[in-house]
1. Give me the percent relative contact order of the range 128-169, please, defined on Cα pairs under 8 angstrom at least 6 residues apart.
2. Can you match semi-axes √(5λ) of the Cα gyration tensor in Å to one of these, (i) 77, 17, 11; (ii) 36, 22, 15; (iii) 66, 17, 15, based on a calculation from the structure here?
3. Quick one: if you stick a label point 7 Å off each Cα along the C-beta vector at residue 126 and residue 69, how many nm between them?
4. When all protein chains stay in place, what accessible area (Å², nearest 10, 1.4 Å probe) is found for residue 135?
5. Would you work out which of 43, 26, 16 lies farthest towards the positive end of the dipole of the range 1-149? Charges go on Cβ: Lys and Arg +1, Asp and Glu -1.
Amino acid sequence: APWIKADLTYFRDQGSDRLVLVYGPPHWENIGDFNNQGVEATVTLNPIDDLALFVGGTYIDRSPDDTPYAPQWSGSAGANWRFWPGFMLSVDAMYLDNYYVSDTRYAGSRQQVDGFLIFNAKLSYEFRFRGLGIKVFAAGENLTNQDYEYKPGYPMPGINGMLGFEFSF
């Protein structure tokens, strides 16, 4: 049906001598042999012309279990709503399960990062001026002020926002 789109993907990533860039001090680390496989599913719904809803998730069966930068579960969901001519509201959520990163202190060791769930939103207004496409927006990220980090010792910002312009020629 034109109002729904669904994708289901199986993937397998197998190899050896995978190099990962590790920071602090920067160096390359060989993580050795790995065999990751999993599934990813996404669904997008357009119940009406001006509304799009999406949800997606990924599961990875990791081998070894501490494969860096490969969370076992991840997911996202959100909506884009054009509620008035030129105006659009976008909201989304992202979840990452616990995962491992290369430990910068000891070569070949891993450190686990806690999983997290964050919420974001963006309100934009799009118009044309003298043939130029202009979009003005206000966006908020980590709206629940979640304490999280992608790497140990490098916390991500709490609730934050931005104002901006986009130009299309």
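1. Working: 58 pairs, mean separation 21.8, N = 42.
Here the relative contact order equals 52 percent.
2. The calculated read-out lines up with (ii).
3. That separation, rounded to one decimal, is 3.1 nm.
4. About 40 Å², ignoring ligands and nucleic acids.
5. 43
The values are calculated or read from the model by the stated rules, or taken from the named source; none is laboratory data. Just so it is clear, the structure is predicted and the values come from calculations on it, not from any experiment. Here the Cβ is made from the backbone with ideal geometry for all residues, glycine too, and neighbour counts use every protein chain on show. Note: accessible area is taken over every heavy atom of the protein model, side chains too, but ligands, DNA and RNA are not part of it. Shrake-Rupley method; radii C 1.70, N 1.55, O 1.52, S 1.80 Å.
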